[in-house]
Each structure stands twice: as structure tokens, then as C-alpha cells.
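Only one structure is covered here, and it is reproduced in the block below.
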Amino acid sequence: MKISDNFVCGLVFLLLFGFSFQYLSLLVKVPFSLIFVPYRQVNMFESKSAVLKKNSDFFKGQKYVGYISDVEPDKVFLQSDSIFNFFSAQYAIVPSVLVNDIDEKYTIGIFYKKDFNKKNLKLVKKLDERTYIFEEAK
């Protein structure tokens, strides 16, 4: 029994059409969202690092910049929000390297729960309700 070429072509066409019909909504949503949704405002990583990028002049010429948060220093890399904050801050201050201590000239502080009160750091600038730049107190 021989299967005709027209039947095979029709079957392949129906399978391709059925497969693409399943993803038809994506074919409409993706271009629409790229045109009408401001991607940089939606991207969490970009929006979290934007406030530090605007103030990156503080860190020019600094090889290392400190980091402090309301998470204990030895647990910064154990909690997903804390890891995200650390690496978004690192992304914002490139080419400086962010280190998880406060022994550098400048320190970035990201706090959610409590106010900052350390004797060996001086507040230089409050960037938003949770992000601060500190300078080592002399």
C-alpha cells in the first residue's frame, strides 16, 4: 500500500499548524509586550541597580567597595533576597568589586527591616528608603 505525497504533505502541514496554533498566543503577546511595555522598568534586576548606577560616581577609582545589610554578614549568601541585593549592587558599581565587609572607604548599605547605626561608618547619602552610601569614619 503506497501513501500518496499529497497525503504526507497534508499531514505534515496539519501537524505544523496544530503545533503553531498552540503557541499562537505567544506569537501575539511577545511583539506586543516588546512594543508597549517598557522593559527596563519591568526588569527587577535593572530597576534594583538603577539607583546605585545613578550614583556610581562615588565609587570611581575605588577598587573595592564594602557591603552591609540587615542580614548577618555570614548569611548574606544563604538567602535569595540577600543574594539578589548583593549582586544587583555589584552590577551597578562595575568595575569596582563589592566585598562583604565594611573595611573599605565606601560601603553600600541595603536595609529592609532596621535603621543603620554603626560607629565606624558615616552616612554620605541616602539613595532611597532602603539603599545608603556610607564612608569610613576617620
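Of note:
- Taken together, 97, 51 contain a single residue that is of a type in the set (Val, Ile, Thr), under 20 Å from residue 129 (Cβ atoms) and touching a residue at least 24 places away in the same chain (Cβ under 8 Å), which is 51.
- Residue that is surrounded by the most Cβ atoms within 10 Å (Cβ to Cβ) [pool: residues in region 62-90 that are in contact (Cβ under 8 Å) with a residue 40 or more places away in the chain and more than 20 Å from residue 129 (Cα to Cα)]: 65
Only the coordinates and a few stated rules stand behind these numbers; no lab work does. Since the model is a prediction, treat every value here as computed from it, not as a measurement. Cβ: placed from backbone, ideal geometry, glycine included. Neighbour counts: every protein chain shown.
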